[in-house]
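To keep things clear, I will list the structure first and then write my remarks on it.
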Amino acid sequence: MHCTLKGGAMVDPESGLTKKASVMKDTNQKPMTAVLGMVDIVKGANSFYKLQALQSDNGVGFWLFRAWGRIGTSIGGTKLEKFTTAKAAREAFEYLYLDKTGNNWKDRTNFQKKPHKFYEMELDYGEAEEKSKQVVNSQPSKLHPALQSLIQFICDIESMKRAMVEFDLDLKKMPLGKLSRRQILEAYGILGNLSKMIDRAARKKTEVDQTMLLSESTRFFTLIPHDFGMKAPPLLDSRKAIKTKLQMLEDLLEIELAYNMLKERGKGNENPLDQHYKQLHTSLKPLDPNEEEYKRIVDYVKLTHGSTHTSYKLEVVSIFDVERPDEKVRFNGYKPAQHNKMLLWHGSRRTNWVGILSQGLRIAPPEAPVTGYMFGKGIYFADMCSKSANYCFTSHSQPDGVLLLCEVILGDIKECKNAEGTPLPDGMNSRKGCGSVIPDPSTYYTNAEGVVYPIGKPVPSNTTDTSLIYNEYIVYDVAQVKQKYLVRVKFHFDH
């Protein structure tokens, strides 16, 4: 379905007026369009309501368009009402907005959610999807073929849509576009409130306040519209449920960042792949498969495959040397420590690499609850390739993934056998979750700069009574990380 963007607002295609009308503006020149959501877990409601004031492109016709229904189903309807004056259309829009939300349109910058009323969704109507397909009449790419393939892979809009569908997010009833960053951060805050409630009840050995649980879960699903079909929205009443939604919000932030980047206009008829590569502000140089470092990384992939990760084997497709200039300076200037550097793995889903390459690996925002992370809010790494590969979230139908090798300053390490999210003790620079299986230390490689590559077959460690099978390394300062190699892999699933 094609959606038309006119004057910064999208005319809803269900109105039937995309080719002859545009969204009206209020007295402050703001588009008179709203997408509203309402979740009522008790009643099992997960509803949307769309509202637009429209005017014909020739300026003589005015309409109020409405659409409503249950998110993720075909239940609902639409209504198009015609008016003879712009004033009448605006007044009808403002009346309905007040009726549905309990807020005045003119005061919506101070919007307050009212009980049993709709909440306004924030959507940014980008043209990234259209632009990502505009390859016609552009110059041939100047990039190495392997790099062209990588950029095409990580900048794919359809993969971002698929990821959102995996999260049970609704994509059908909401227009093309995305939730705002502010809204995602607000959802983080709600998960923080839920996490505190659950932890408090666990400490006191009491039941979680069901009224508060219901209220916060409702707020979350109102902010982030999900597609539950005919099922009632669930309560977010466990650490596992909160952790799942935390991961979803992290990935949504990356998708939001990628969308913003992809919709920026390039110069003239430059190839879109070349444009996107420049937007990363990161150097990616393909390694020659015949050079020693390439072979060493292939060994690192093959040898550090955990015995519990039996559903797939990994094939290295290509390897890129990564250089982010600011990151290198920051890494070399990290004052608390410059010793104990290791080359470690980090995995992430396909949609996150535009953000990781352009912005670096980042720590979860302040709004995120600490309890959602086993070792607190930090950047997590592994010395077993397959442990990180699991975070690529590939499948039989989507078997391609990307892994990152980073030089990490571990310095003095606080070793742990169980979850520990408290701040590091003074003098410590990183945390290590000690696993019962490690790469064989007798075959580790150390490069000319003193960086250790923990390459070796899995062997039992000397660690007992640990809750972890494999090691995890966590740093809490982005300055301790330097991206070194990007490894594109194909997952060969057994079944």
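The values are calculated or read from the model by the stated rules, or taken from the named source; none is laboratory data. This one's a predicted model, so the numbers in the text were calculated from it and none came from an experiment. Cβ placement follows ideal geometry from the backbone for every residue including glycine, while neighbour counts extend to all protein chains displayed.
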What residue, of GLU254, GLU264, is at negative phi and at pLDDT below 80? GLU264
With the requirement that a residue be buried (at least 18 other Cβ atoms within 10 Å of the Cβ), assigned to a loop (DSSP other than H, G, I, E, B) and touching a helix residue (DSSP H, G or I) at 6+ places or on another chain (Cβ under 7 Å), what does the stretch 178-234 give you? ILE224, PRO233
Qualifying residues in the stretch 415-446 (those that are in contact with a Lys or Arg (Cβ under 9 Å, 6 or more places away or on another chain) and more than 30 Å from PRO369 (Cα to Cα)) - the one surrounded by the most Cβ atoms within 10 Å (Cβ to Cβ): PRO439
Just to check your reading of the model, which residue among LEU486, LEU468 is more than 30 Å from GLN148 (Cβ to Cβ) and among the hydrophobic types (A, V, I, L, M, F, W, C)? LEU468
Report, by residue number, each residue of the stretch 327-342 that is of a type in the set (A, V, I, L, M, F, W, C) and either out of contact with any strand residue (DSSP E or B) (no Cβ under 8 Å at 6 or more places or on another chain) or over 22 Å from GLU472 (Cβ atoms) (or both). VAL329
Selected residue (criterion: modelled with the lowest pLDDT) from residues of the stretch 54-86 that are surrounded by fewer than 18 Cβ atoms within 10 Å (Cβ to Cβ) and among the hydrophobic types (A, V, I, L, M, F, W, C): ILE75
Is at least one residue of the stretch 466-477 hydroxyl-bearing (Ser, Thr, Tyr), outside any loop (DSSP other than H, G, I, E, B) and either within 23 Å of ASP412 (Cα to Cα) or out of contact with any strand residue (DSSP E or B) (no Cβ under 7 Å at 6 or more places or on another chain) (or both)? yes
Pairs only if they're at least six apart or on different chains, beta carbon under 6 angstrom, first in the stretch 420-433 and in contact (Cβ under 8 Å) with a residue 60 or more places away in the chain, second surrounded by fewer than 15 Cβ atoms within 10 Å (Cβ to Cβ); list them, first residue then second. ASN429/PRO336; ASN429/ASP412
Name, by its number, the condition in (1) within 20 Å of the chain's Cα centre (by Cα); (2) over 26 Å from ILE242 (Cβ atoms); (3) modelled with pLDDT under 95 that does not hold for THR394. (2)
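Can PRO369 be described as more than 22 Å from SER283 (Cβ to Cβ) and surrounded by fewer than 22 Cβ atoms within 10 Å (Cβ to Cβ)?
No, not satisfied.
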Quick check: anything in the stretch 351-365 touching a Phe, Trp or Tyr at 6+ places or on another chain (Cβ under 8 Å), surrounded by 19 or more Cβ atoms within 10 Å (Cβ to Cβ) and among the hydrophobic types (A, V, I, L, M, F, W, C)? yes
Helices (runs of 4 or more DSSP H) fully within the stretch 275-382 counting 2 or more residues that are β-branched (Val, Ile, Thr): 292-303, 353-359
